2 protein chains.
Amino acid sequence: MLDLATRVYNHNFRIDPIIRSLLDTDFYKLLMAQTIFRRHRDLPVTFGIKNRSPAIRIADEIDEGELRAQLDHARSLRLTRGEATWLRGNSFYGKRQMFASEFTDWLEGFRLPPYELEKRDGQYVLTFHGPWIETTLWEVPALAILNELRSRATLNGMGKFELQVLYARAMTRVWEKIERLKRLPDLSIADFGTRRRHGFLWQDWCVQAMQEGLGGAFLGTSNCLIAQRREVEAVGTNAHELPMVYSALANDDAALAKAPYEVLADWQQDYEGNLLVALPDTYGTTGFLADAPDWLTAWTGIRIDSKDPIEGGEEAIRFWESRGSDPREKLAIFSDGLDIADIERIHAHFHGRLRIGYGWGTLLTNDFRRFMPDKRLDPISIVCKVIEADGRPTVKISDNPSKAQGPAAEVERYKRVFGVGEQAAQPVLV
Amino acid sequence: MLDLATRVYNHNFRIDPIIRSLLDTDFYKLLMAQTIFRRHRDLPVTFGIKNRSPAIRIADEIDEGELRAQLDHARSLRLTRGEATWLRGNSFYGKRQMFASEFTDWLEGFRLPPYELEKRDGQYVLTFHGPWIETTLWEVPALAILNELRSRATLNGMGKFELQVLYARAMTRVWEKIERLKRLPDLSIADFGTRRRHGFLWQDWCVQAMQEGLGGAFLGTSNCLIAQRREVEAVGTNAHELPMVYSALANDDAALAKAPYEVLADWQQDYEGNLLVALPDTYGTTGFLADAPDWLTAWTGIRIDSKDPIEGGEEAIRFWESRGSDPREKLAIFSDGLDIADIERIHAHFHGRLRIGYGWGTLLTNDFRRFMPDKRLDPISIVCKVIEADGRPTVKISDNPSKAQGPAAEVERYKRVFGVGEQAAQPVLV
C-alpha cells in the first residue's frame, strides 16, 4: 500500500539535508565545549578547512550553491527538547550529569554562527570567525557536509542497481573487517568516523553492524545523534584544538612550555575516569611525556595519534614504567587512520601489555576505496582546524611533519620550546 | 510516517507464500502445456521430485507442515484477470496470440491438482498423479517451494545485519558476473533460474540487475510473472518431458525410435521462429542428430544441455554443415548449469561461428555458495520429472549418465533403440 501522506510530505523538501541535528557531532566536541564554556567562551578564534589532499579539487566536484544550502540548513538547527533531555538525563562513561545545567541551557539556545566561503585554486576556503564556544561546534558538521556532498556528487547519475551493488560491496567490506575484529581477544573499539564519513545513513549502518557483529567489544560511537538513537555509548576524548589555543594565548616561551599541561589541569577539573585520556602529540609526544607532571601518571591513559602506533605504544609503556605505573592498568587509545590490518598488528603487538582501545574513523565509515575506477569515492584527508586565537596564529607540530600547521617562524619557535628534534614524515591517508 | 494500514493488513498473513501467482512459472511450461492441451490433455502421468544430491537430507531441513502449507497455498491460486490478459494480449517472440483462446480459457479455470507427500530416508517423496495437462504445471512451483523453504530454514535465526551482508555479498557476486558478461561481444542471455532460485524476490532482483547491467544483451526471463511485472521478454524452449512421454507411449521399438521426432513435428505445428529450438539430448545427441529428418535442418537452433558445451556445440556445427546449412545462421542455446566462467569459455570458443544464446539458471538465481561455512546455502540438484505415462515408466538417458532416469531394463532397451554407446559421466552440480 502506498503511504500517500509520506509521498506528498516529501514533495516539500527543498534539499536533502546532510546535518539534521546539532547532536550529529562528535561527543568530544561537547566535552571540549563545556571546558571552553567555563573558561574561554568569548575568546575570538578562527577555524578553517584544510584539504590535505590538494590534488583533489573539491571546488570542482561540489557545487557552491549546494554547499551553501547545506551550511545554511545546519545554521537553522536548534537542539530539540528530546536531545537536550538526552544530554541531561543520559549517563556518559558511567556518570550522570556530565554536563552542567548552565552549559546545556546555553546549548539549547545555540545556533551555528555565520561562515565565510570563497573558492581558491579549486578549493573551498571555508572559515568560521567568532567566539571559541560557537566556532568550535562548526568543525564536525562542516567536514561531514563537505565529505557527503563529495560522495553525492560522485554517485549522482549512477543506476539504481549499480548503486545498490556499490553499497553491497561496501557492506561486505565492513562486515569482513568486523569478522576479522571478532577474532581479537579483549577487543574494545569505538566508531570515531563522523567527520569524514561517506554519509550519515552509512555511518548509522556501520554502527549498527558493529553492534550486531561485535556485541560488547563495540564500545560505542563518537556520534551523539547515533548514540542517542541506537542507544549505545557516546564516546570520545579531546583534541588538538585545546593545547593549540592555550599555547597561542601564552605570552612568552615559559608560558608556552606550560600551556599543554594547563589544558590537562583544566580537563581533570571537569572530567574523571575514562575521560582522563591525554593527547600528547600536539608538540611532539617524546618531549611532552618527558616533561609531564607526576599527576599525569594517575590519568587513565594516552591517545596515540600521529606517531607510528607501535612506536607510540612502546613509548607510552616506557613512560608509565619510568613513573612506576603498571602499563597493564593503563589505557592506550589508537586512533590515527586505522584500518583493520593496523588494528590486528597493534593488537598482536600490545595485547596483554596494555589496556587497548581503538577509535576507528574514516576507514570504518568511508572505505569506498577502489569501488570507482577514478578514486572519486576514496576518502580524502580534510580537516577543520583552529588557525587563530585572540589574533595570534595557532601551531600544531605533532609527531608527523606532514600534519604540521602554522607560520614557519612560529613552528620553529614551538619546536625549540618543546625540544622537538628530527621527525620522520609519514603519508597522511585520511 | 508509519503506514498503519499496511502494518495492520500484514497481521492477517497466515504464511508468507512462496508462490503467489500461477504465472510464477517458466514460460516453456505454458508452451508445452498448450501442445499437451491440444493432443494429450487427459493422458494420466506421474511427476515426482528427485533430489540428485542425496547427501542433503531435505526432509531434515524443511518442516513438513510448512511444506504442506506452501503447497496448499499454491493450490489455492487461480489466474487473475490481468494475468490472463497479459497472456492474451502480450506478444511473445514477436508474435501476437501465441496462446489460443481455448487454452487460455482453460488456464483461467485451472488450479494445481492434489499432491502426495511422504518422508523417506531424509527425503520428501512428493508426487503428482493425474492428467498430464494438470500435473505438468506442478514442476516449477514445487521445485521453487522446496528450494526457497530450504533457504528460509537456513536463514532463520540470522541477525539483521548478518542477513543484509549475506545479500550484499550475493548482490556483489551477481554484479561482478554481470560486469564480466558486459565484455562479451554480441551477448544474448536470458534468466532460466526460476525452479532452483534462492527465492522469488531474489530472482526478481537478479532480473532487474541484468536489465540495468546488460541492456539489450539481456534477452529476458523464463519467469512469466517477472516478465509481466518488469516488462521484459518471456523466453523458453521445451524440455525432456515431451520426448519422455511420447516415447513411453510407443508400443514397439520402431515407434520408440520415431517418438522424439514426433514431438518436434507437433511442436512445429504449434510454434515457429525462435521457438523452433530442438532439445536433442534426451536419448543421446549423437544418434538423435544422425537420424534427424531433413526438415529439422530448417529449425532455428538446438539447445545444448547435458553434453559438455564445447563438444555439444562442435557437434551441432558438424550437423548443420553436413546438412548444407551455415552454422553462423543457426542458434545454439547453452543452458546446463552454466556459471560465468563457462559462459566466457563457450563464448571465446564459438563467437562468430554460431548464433549463441545462454539460458542462465541456478548459478544466476541461487549462487550463495560458500557464504555459509557448512554449504547450507549452496544450491542442490533437485528435479521434478515425469516418471510414468499411461502406466508405463518414462526413461531419460541424456548425454550424461549421471542424469539418466528409468528402470534399468528400459534404460538398456532405449540405449539399444537409440544406438547410445559409452558415455562419460560428468558431475551434476545443479
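The values are calculated or read from the model by the stated rules, or taken from the named source; none is laboratory data. For clarity, every value in this text was computed on a predicted model and none was experimentally measured. Cβ coordinates were reconstructed from backbone atoms using ideal geometry, including for glycine residues, and neighbour counts include every protein chain displayed. Side chains included, ligands, DNA and RNA excluded: accessible areas come from the protein's heavy atoms. Shrake-Rupley method; radii C 1.70, N 1.55, O 1.52, S 1.80 Å.
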Check: Has segment A:141-148 got any residue that is in contact with a Pro (Cβ under 7 Å, 6 or more places away or on another chain) and not assigned by TED's automatic domain parsing to the domain that holds residue A:339?
Finding: no
Margin query: As an exercise: evaluate residue A:218 against (1) within 14 Å of chain B (Cβ to nearest Cβ); (2) under 16 Å from the mean Cα position of the chain (by Cα); (3) under 24 Å from residue A:306 (Cα atoms) and give the number of the one condition it does not meet.
Written below: (2)
Check: Out of segment A:78-114, which residues are outside any loop (DSSP other than H, G, I, E, B) and of a type in the set (Gly, Ala, Ser)?
Finding: A:82, A:84, A:89, A:101, A:109
Checklist line | Number of the exception - residue A:70 against (1) within 20 Å of residue A:153 (Cβ to Cβ); (2) in contact with a helix residue (DSSP H, G or I) (Cβ under 6 Å, 6 or more places away or on another chain); (3) in a strand (DSSP E or B) | finding: (3)
Notebook entry, point to check: Can you pull out the residues in segment B:182-201 that are touching an Asp or Glu at 6+ places or on another chain (Cβ under 9 Å), surrounded by fewer than 24 Cβ atoms within 10 Å (Cβ to Cβ) and within 19 Å of residue B:339 (Cβ to Cβ)?
Noted result: B:183, B:184
Next item on the list: Determine, yes or no, whether residue B:143 is within 23 Å of residue B:42 (Cβ to Cβ) and buried (at least 17 other Cβ atoms within 10 Å of the Cβ).
Entry: no
Note to self: Among the residues of segment B:310-345, what is the count of those that are in contact with a Leu (Cβ under 8 Å, 6 or more places away or on another chain) and part of a helix (DSSP H, G or I)?
What the structure shows: 10
Check: From the list B:207, B:235, B:245, which one is in contact with a strand residue (DSSP E or B) (Cβ under 6 Å, 6 or more places away or on another chain) and within 14 Å of chain A (Cβ to nearest Cβ)?
Finding: B:207
Next item on the list: Check off (1) more than 14 Å from chain B (Cβ to nearest Cβ); (2) open to solvent by 10 Å² or more (accessible area, probe 1.4 Å) for residue A:230 and give me the number that stays unchecked.
Entry: (1)
Note to self: Scan segment A:362-377 and tell me whether some residue there is open to solvent by less than 40 Å² (accessible area, probe 1.4 Å), aromatic (Phe, Trp, Tyr), closer than 30 Å to residue A:157 by Cβ and touching a residue at least 12 places away in the same chain (Cβ under 8 Å).
What the structure shows: yes
Checklist line | Options B:281, B:305: the member that is open to solvent by less than 10 Å² (accessible area, probe 1.4 Å) and touching a His at 6+ places or on another chain (Cβ under 9 Å) | finding: B:281
Next item on the list: Evaluate segment B:160-176: report whether one residue or more is buried (at least 20 other Cβ atoms within 10 Å of the Cβ), under 21 Å from the mean Cα position of the chain (by Cα), under 28 Å from residue B:74 (Cβ atoms) and hydroxyl-bearing (Ser, Thr, Tyr).
Entry: no
Next item on the list: Would you mind telling me which numbered condition in (1) in contact with a helix residue (DSSP H, G or I) (Cβ under 8 Å, 6 or more places away or on another chain); (2) part of a helix (DSSP H, G or I); (3) among the polar types (S, T, N, Q); (4) farther than 22 Å from residue B:405 by Cβ residue B:286 fails?
Entry: (4)
Note to self: Quick check on my filter: what residues within segment B:1-47 are closer than 24 Å to residue A:7 by Cβ and open to solvent by less than 60 Å² (accessible area, probe 1.4 Å)?
What the structure shows: B:3, B:5, B:6
Item checked: Number of positions in segment A:9-48 that are hydroxyl-bearing (Ser, Thr, Tyr) and under 18 Å from residue A:262 (Cβ atoms) -> 1
Margin query: Considering only residues that are of a type outside the set (Lys, Arg) and open to solvent by 50 Å² or more (accessible area, probe 1.4 Å), which ones fall in segment A:411-420?
Written below: A:412, A:419
Next item on the list: From (1) in contact with a helix residue (DSSP H, G or I) (Cβ under 7 Å, 6 or more places away or on another chain); (2) closer than 22 Å to residue A:360 by Cβ; (3) hydrophobic (A, V, I, L, M, F, W, C); (4) open to solvent by 10 Å² or more (accessible area, probe 1.4 Å), pick out the condition that doesn't hold for residue A:257.
Entry: (2)
Notebook entry, point to check: Pairs, please: C-beta under 8 Å, at least 6 apart or cross-chain, first residue facing chain A (nearest Cβ under 7 Å) and in segment B:166-178, second assigned to a helix (DSSP H, G or I) and of a type in the set (S, T, N, Q)?
Noted result: B:168/A:172; B:169/A:172; B:171/A:164; B:172/A:172
